[in-house]
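A.B. asks: Below is the structure I would like to discuss, written out as structure tokens.
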Amino acid sequence: MTTPGTWTREDVDREIARLDTERDGISAGLMALEEHPGRRLLEGAALEGRTEERWVACRTDIARLWELYSAYGAVLDEARALRSRRSRPSRTELDEMARLLTGANVSVPGEEVPIGRRGLLDPAASPRMLTFDAVVAEMNTVWRRATELVASVDEVWSLVLPRLDRVEAAATEAASLVDRLGGQAALGVEARVVAEVRKRLSAARARVAADPLRFVGVTARSRVGDVDLDGLERDLKGVQDALRQLRLVQERYEERAQRVTGLVDVLAADEAEAHRRRAHVLTRITRGVPDIPAAAAALRARAAQVAD
């Protein structure tokens, strides 16, 4: 790089353009981290264990990244403002811009000084002066720590949660079938199996959400702690098969019951017509006219008993 004292306008413009591009890249990376699903889930979760400890440090790191980005931008904007004053800057102005762009001019907070080692008016942390390249190097170090946690957590959730969702969907389907077939009063055993599966699934989901780092490196998705997902799926499959058979019987019954109801309705209409005609006959013949049996009402009552 050209040394200060010999910088030209082109050197200044080229360096400002490079730093602008670098700043845009940093901004894009920080926004990607803010929008990352893993970071969002961590932000809203009630964490515990090692994940909670790491997330506390990670949030500090993320705040640090934005702090360094802001300090970087402040000095770059100062250099840009100086350059925009005139199209042909003087030698003094060029040297000042070279100093801003190459020297240790980015002020960033240093490590916090313990209260016992500082005076009453001393700052809590002594500022450090860094070059742009040194700021980027420090940001890269902090970035790696922050993104390692976010990526590790997202990997666990991406591996385990879809399996939990699949079992949950099966449990929801089974619960719906139980309700359609009469609920717990009619299907106590099946309802209890479904309720137990959902209870254990909820426990597994809470465990993964609270401390996903506990499951880093676990490639098998069949267990979450003491919850055997394969076993839960087997239990659900047995219940679902039985419920589907019962549902099939119910559907066939409903179809036949509708046919019976239709036939009884036809019979009731025929009986009503027969009563009308018998009444008409009785106006001319008073003896020997048979009674009309009331079969429809009895059949309707029997059909209702079958439904119950």
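A.B. asks: Yes or no: the stretch 248-255 includes at least one residue that is surrounded by 15 or more Cβ atoms within 10 Å (Cβ to Cβ), assigned to a helix (DSSP H, G or I), modelled with pLDDT of 80 or more and not polar (S, T, N, Q).
C.D. replies: Within the stretch 248-255 (the criterion being surrounded by 15 or more Cβ atoms within 10 Å (Cβ to Cβ), assigned to a helix (DSSP H, G or I), modelled with pLDDT of 80 or more and not polar (S, T, N, Q)), the answer is no, since none of the residues qualifies.
A.B. asks: Condition first: more than 30 Å from residue 175 (Cβ to Cβ), β-branched (Val, Ile, Thr) and in contact (Cβ under 8 Å) with a residue 40 or more places away in the chain. Can you find one or more residues in the stretch 251-260 that meet it?
C.D. replies: yes
A.B. asks: A follow-up question, please. Quick check on the stretch 141-157. Is at least one of its residues open to solvent by 60 Å² or more (accessible area, probe 1.4 Å) and in contact with a strand residue (DSSP E or B) (Cβ under 9 Å, 6 or more places away or on another chain)?
C.D. replies: Checked the stretch 141-157: no residue is open to solvent by 60 Å² or more (accessible area, probe 1.4 Å) and in contact with a strand residue (DSSP E or B) (Cβ under 9 Å, 6 or more places away or on another chain).
A.B. asks: Suppose the filter is in contact with a helix residue (DSSP H, G or I) (Cβ under 7 Å, 6 or more places away or on another chain), open to solvent by less than 40 Å² (accessible area, probe 1.4 Å) and modelled with pLDDT of 85 or more; does residue 239 pass it?
C.D. replies: It is false that residue 239 is in contact with a helix residue (DSSP H, G or I) (Cβ under 7 Å, 6 or more places away or on another chain), open to solvent by less than 40 Å² (accessible area, probe 1.4 Å) and modelled with pLDDT of 85 or more.
A.B. asks: Continuing with this model, one more query. So which of 177, 121, 201, 181 is at pLDDT below 80, surrounded by 12 or more Cβ atoms within 10 Å (Cβ to Cβ) and either more than 30 Å from residue 16 (Cα to Cα) or of a type in the set (Val, Ile, Thr) (or both)? First the steps, then the outcome.
C.D. replies: On the way: 177 fails: at pLDDT below 80; 121 fails: surrounded by 12 or more Cβ atoms within 10 Å (Cβ to Cβ); 201 fails: at pLDDT below 80.
Just a single option satisfies the conditions, and that option is 181.
A.B. asks: May I pose another question? For the stretch 75-113, what are the residues that are closer than 19 Å to residue 130 by Cβ, touching a residue at least 24 places away in the same chain (Cβ under 8 Å) and aliphatic (A, V, I, L, M)?
C.D. replies: 75, 76, 79, 97, 98, 100, 101, 104, 106, 108
A.B. asks: What's the number of the only condition in (1) at pLDDT 85 or above; (2) touching a Leu at 6+ places or on another chain (Cβ under 8 Å); (3) farther than 30 Å from residue 223 by Cβ that residue 91 fails to meet?
C.D. replies: All conditions are met except number (2).
A.B. asks: Now a separate question. State yes or no: is residue 296 surrounded by 12 or more Cβ atoms within 10 Å (Cβ to Cβ), over 31 Å from the mean Cα position of the chain (by Cα), among the hydrophobic types (A, V, I, L, M, F, W, C) and under 22 Å from residue 173 (Cβ atoms)?
C.D. replies: In short, no.
Here is a yes/no grid of residues against (1) among the hydroxyl-bearing types (Ser, Thr, Tyr); (2) under 30 Å from residue 195 (Cα atoms):
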| site | (1), (2) |
| --- | --- |
| 224 | no, yes |
| 238 | no, yes |
| 261 | yes, no |
| 275 | no, no |
| 278 | no, no |
| 289 | no, no |
| 302 | no, no |
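A.B. asks: Identify, from the list 232, 263, the residue that is surrounded by 14 or more Cβ atoms within 10 Å (Cβ to Cβ) and either of a type outside the set (A, V, I, L, M) or part of a helix (DSSP H, G or I) (or both).
C.D. replies: Result: 232 is the single residue among 232, 263 that is surrounded by 14 or more Cβ atoms within 10 Å (Cβ to Cβ) and either of a type outside the set (A, V, I, L, M) or part of a helix (DSSP H, G or I) (or both).
A.B. asks: Can you name the condition, by its number, that residue 194 falls short on among (1) among the β-branched types (Val, Ile, Thr); (2) open to solvent by 40 Å² or more (accessible area, probe 1.4 Å); (3) in contact with a Leu (Cβ under 9 Å, 6 or more places away or on another chain)?
C.D. replies: (2)
The values are calculated or read from the model by the stated rules, or taken from the named source; none is laboratory data. On a predicted model such as this, the values are computed, not experimentally measured, just so you know. Reconstructed Cβ throughout: ideal geometry from the backbone, glycine too, with neighbour counts over all protein chains shown. Just so you know, the surface numbers come from the protein's heavy atoms only, side chains and all, with ligands and any DNA or RNA stripped out. Shrake-Rupley method; radii C 1.70, N 1.55, O 1.52, S 1.80 Å.
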